[in-house]
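**Q** The structure under discussion is supplied below as structure tokens; questions concerning it will follow.
All of the numbers you see were taken from the coordinates with simple rules; none came from a lab. Small disclaimer: the values here were computed from a predicted structure and weren't measured. So basically every Cβ, Gly included, is an ideal-geometry build from the backbone, and we count neighbours across all protein chains shown.
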Amino acid sequence: KQEVTQIPAALSVPEGENLVLNCSFTDSAIYNLQWFRQDPGKGLTSLLLIQSSQREQTSGRLNASLDKSSGRSTLYIAASQPGDSATYLCAVHNQGGKLIFGQGTELSVKP
Amino acid sequence: KAGVTQTPRYLIKTRGQQVTLSCSPISGHRSVSWYQQTPGQGLQFLFEYFSETQRNKGNFPGRFSGRQFSNSRSEMNVSTLELGDSALYLCASSSLGQRSTDTQYFGPGTRLTVL
């Protein structure tokens, strides 16, 4: 049974700092891994999707890596801003249409 | 392209009632998945529909059901509501075929409160 874990559960950093969010999964037979952002009371915004054959994806200040063999992914956020404050969720896709989510990392970036 | 839309956005019901939530996927997307989000359990998969057929189902009781129409719009129904059904219900659409791995796009959710 696939399980997804995110560490840390919460993180508070000063503006401008670079940071790394971690995601681990127990079953390496995945199609892809997706990182999402969720603002309080809102839906999910897709940030990056990494296919199982890829090692990393970049979008602006965000970089996500995937090491399928070790069951790990990281989301790197460069030069953090207060607007980055949100909950970040990773999810793995290893069965048609079904994402398994971690519990999320709540990020607070202080001005 | 318009995003995923969900109606209603907020709903208050009492125990024992039933509720129907609606989801309109992005134009051209044929896969619609439903998720329940609660503070204690996080995001949990309910079911997925593709071309009007339920393709995957999560571990929820039979009170939770869904369907998909020929235009890919989907509805989710919960019967005999319980207090524990209070949650944010999210739907997601993608162009997933039988084996493709496209991005899933989420709607804003329906906040259901059961009193």
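**Q** Treat every Asp and Glu Cβ in the stretch B:26-104 as -1 and every Lys and Arg Cβ as +1, leave all other atoms uncharged, and give the resulting dipole magnitude about the Cα centre to the nearest 20 debye.
**A** My answer is approximately 220 debye.
**Q** Okay, next question. Taking each residue in B:30-43, count the Cβ atoms of any other chain within 10 Å of its Cβ, then average. What number comes out?
**A** Mean partner-chain Cβ count within 10 Å for B:30-43: 3.
**Q** Can you pull the percent of Cα pairs in the protein assembly as shown with separation above 29 Å?
**A** The proportion of pairs with Cα distances above 29 Å equals 27 percent.
**Q** Is the shape of the stretch B:37-78 rounded, prolate or oblate, going by the alpha carbon gyration tensor and its root eigenvalues a ≥ b ≥ c, with a/c under 1.5 for rounded and a/b larger than b/c for prolate?
**A** prolate
**Q** Can you figure out the FRET efficiency of A:Ala9 with A:Ala78, using R₀ = 22 Å and their beta-carbon distance, to the nearest 0.05?
**A** With R0 = 22 Å, the Cβ-Cβ based efficiency is 0.50.
**Q** In square nanometres, what is one fourth of the surface area of the convex hull spanned by the alpha carbons of chain A? All intermediate terms of the calculation are to be shown ahead of the outcome.
**A** Values: hull surface 26.0 nm².
Orientation-averaged projected area of the Cα hull: 6.5 nm².
**Q** As a test of understanding, state the convex hull volume per residue of chain B from its alpha carbons, in Å³. If you can, show how the numbers build up before the last one.
**A** Values: hull volume 11.0 nm³, N = 115.
Normalising the Cα hull of chain B by residue number yields 96 Å³.
**Q** Among B:27-33, A:77-83, B:81-87, how do they line up from the highest to the lowest mean number of other beta-carbon atoms within 10 Å?
**A** Values: B:27-33: 19.9, A:77-83: 13.7, B:81-87: 15.6.
Descending packing order for the listed peptides: B:27-33, B:81-87, A:77-83.
**Q** Greater than 20 Å separation of Cα atoms is the criterion. Which listed pairs, A:Lys68/A:Lys98; A:Lys98/B:Lys57; A:Lys1/A:Lys68; B:Lys13/B:Lys57; A:Lys68/B:Lys57, meet it?
**A** B:Lys13/B:Lys57; A:Lys68/B:Lys57
**Q** Across peptide A:43-49, what mean number of C-beta atoms from other chains lies inside 10 Å of a residue's C-beta?
**A** Mean inter-chain Cβ contacts per residue within 10 Å come to 5.
**Q** If you take the beta carbon distance between B:Thr113 and A:Ser70 as r and set R0 to 30 Å, what does 1/(1 + (r/R0)^6) give as a FRET efficiency, to the nearest 0.05?
**A** Once the sixth-power term is evaluated, E becomes 0.10.
**Q** Using 0.36 nm per residue of separation minus the Cα-Cα distance, give me the extension gain between A:Ser108 and A:Asn18 in nm, one decimal.
**A** Computed gain between A:Ser108 and A:Asn18 is 31.1 nm.
**Q** Same structure again: About its Cα centre, what dipole magnitude does the stretch A:5-74 give when the only charges are +1 on Lys and Arg Cβ and -1 on Asp and Glu Cβ, stated in debye to the nearest 20? Mind showing how you got there, number by number?
**A** Working: 6 positive and 6 negative charges, 28 e Å.
Taking the Cα centre of the stretch A:5-74 as origin, the dipole is about 140 debye.
**Q** Let me ask something additional. Taking the Cα-to-Cβ direction at A:Gln95 and at A:Lys1 and moving 7 Å from each Cα, how far apart do the two end points lie in nm?
**A** Distance between label points: 1.1 nm.
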